[in-house]
Amino acid sequence: MAARSEGGKANPTAGPPPDEVPAATPAVVPEAGWEAVQPLRIEGGRGSFVSGEPEGDRLRVAYFRRAADGVLVGRAWFGPGAEGPPGHAHGGASAAVLDEAMGAAAWMEGLVVVAVHLEVDFHRMVPLGTDAWMEARVESVDGRKVVTRGRLHDAAGDDLATASGLFLTLDPERFRQLLARVARAMGVGLDELLEEMRRRGFRGPR
């Protein structure tokens with residue numbers, strides 16, 4: 001993963017001391033036209049590393065689909081457990097949020113994918129306690145290759161981090177056991193999932 005800051009150097013912003021970071025994240029109030037999306041739980045029931053602890057002190061993430069264009073949007077709160085530089089979130093926390101959001105955007109399109117390359121630009125440091133906005137979308141699909149874009153920004157619309165990703169659709173023959181777990185998590189049969197993948201245009205390895 002390539003990571004660089006805007007202009008080649010970090011742009012620090014003041015953050016609260018760790019002992020002043022609020023223990024509770026603000027309630028997520030969906031914007032008009034946002035429809036809730038429930039994340040999949042396929043890791044043995046433990047949930048996602050990023051969004052699997054909605055009451056934790058590291059990351060609290062909520063996903064929605066924007067009805068107007070179908071884009072995945074959401075909110076991400078960075079708690080004291082995500083600390084990197086004093087009083088600020090670790091850059092890896094922002095990258096992890098964008099990684100999952102871009103993958104989730106592909107999955108919402110029926111593309112069962114995993115990441116093979118991520119590139120993240122960090123525009124500003126993220127103070128602990130930040131309740132950020134995010135969005136992610138699929139830019140293009142070429143055979144198994146799925147290109148995505150993601151963005152993390154503040155209430156004013158200023159970018160905190162942006163990302164692009166290359167994902168690959170899982171080969172049904174090579175990853176049949178994993179896809180069986182995915183199907184169970186989605187509440188469908190494996191054959192139904194494979195048929196949906198074929199309907200969405202999976203054409204096998206290139």
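Each reported figure results from applying straightforward, stated rules to the coordinates on display, with no laboratory input. Note that this is a predicted model, so its numbers are computed, not measured. Quick reminder, even Gly has a Cβ in these numbers, built from the backbone with ideal geometry, and neighbours come from all protein chains shown.
Using Cα-only point scatterers and the Debye equation, what is log10 of I(q)/I(0) for segment 40-147 at each q in 0.09, 0.19 Å⁻¹, rounded to two decimals? Reported log10 I(q)/I(0), two decimals: -0.24, -1.03.
Couplings for segment 117-123, taken from phi via the Karplus curve 6.51 cos²θ - 1.76 cosθ + 1.60 with θ = phi - 60°, read 7, 10, 10, 10, 10, 9, 8 Hz in order; Gly and Pro are left as x. Within the shell defined by Cβ-Cβ distances under 13 Å, the residues around Leu152 carry a net charge of -4, with Lys and Arg each +1 and Asp and Glu each -1.
What the Cα convex hull of segment 75-206 gives, in volume per residue, is 116 Å³.
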